[in-house]
């Protein structure tokens with residue numbers, strides 16, 4: 001897949017799936033904007049790893065209402081136009097209903113939806129406005145298998161990703177006349193730097209048993225699906241949700 005002379009913006013791209021996606025686009029010839037919230041050191045490391053020229057960092061908290069417009073404005077000021085938007089930034093908070101108090105419960109729901117849904121919807125809004133001015137583009141939103149199988153220890157996460165799926169498919173219909181195409185990638189548990197630090201050995205073993213491959217997804221495998229949906233040949237796949245979960249959860 002070629003992305004020579006394409007301008008790409010990826011939210012939450014300092015590490016994990018976002019970093020792998022940034023690397024994949026850069027290797028394919030794109031100029032990549034890396035959005036991050038606070039971790040300047042990690043973002044700078046990712047930027048240094050990208051092959052080619054014309055890549056930049058964009059520090060912005062997109063969970064704040066004004067953040068997405070500010071990010072898109074800064075990006076357009078730097079690049080002139082936006083060809084591909086990847087909405088990858090997200091959070092996950094444990095809030096077992098039989099363990100947490102009501103304040104923790106409500107805070108988890110509010111924080112999760114603020115980042116995983118409202119920020120993405122606002123990024124889609126301002127991204128679409130920019131793409132309409134230049135004849136179209138592609139958006140890829142990162143969801144999760146949790147949108148389909150349920151997340152008993154973090155139900156807000158599963159609910160936010162299910163809502164993201166519905167929103168993405170609605171926008172695929174709404175934006176098709178503007179030549180803006182939207183896809184969704186729904187990974188299973190992915191072997192990221194964060195997973196290596198936070199998972200206990202027992203949790204890791206449980207995750208490995210979920211897939212017949214006996215392993216977790218690699219970030220570059222998720223990135224491969226993102227690049228397909230952003231490619232020129234995938235326009236008629238607009239509205240598609242691609243599962244990247246190693247057959248750990250199969251939906252009909």
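Observations
- Residues satisfying the stated conditions in segment 151-161, i.e. farther than 13 Å from residue 120 by Cβ and assigned to a helix (DSSP H, G or I): 155, 156, 157, 158, 159
- When segment 42-86 is filtered for residues that are under 21 Å from residue 135 (Cβ atoms) and within 15 Å of the chain's Cα centre (by Cα), the ones remaining, listed by number, are 84, 85, 86.
- Residue match in segment 105-120 (condition: out of contact with any strand residue (DSSP E or B) (no Cβ under 6 Å at 6 or more places or on another chain), touching a residue at least 24 places away in the same chain (Cβ under 8 Å) and outside any helix (DSSP H, G or I)): no
- Per-region count, segment 127-142, residues out of contact with any strand residue (DSSP E or B) (no Cβ under 9 Å at 6 or more places or on another chain) and farther than 17 Å from residue 232 by Cα: 2
- The set of residues in segment 67-98 that are surrounded by fewer than 21 Cβ atoms within 10 Å (Cβ to Cβ), within 16 Å of residue 118 (Cα to Cα) and in contact with a helix residue (DSSP H, G or I) (Cβ under 8 Å, 6 or more places away or on another chain) comprises 67, 69, 91, 92.
Readers should treat all values here as calculations from the given coordinates under stated rules, not as data from a laboratory. This structure is a prediction, so every number in the text was calculated from the model and none was measured. Neighbour counts run over all protein chains shown; Cβ positions are idealised from the backbone, glycine included.
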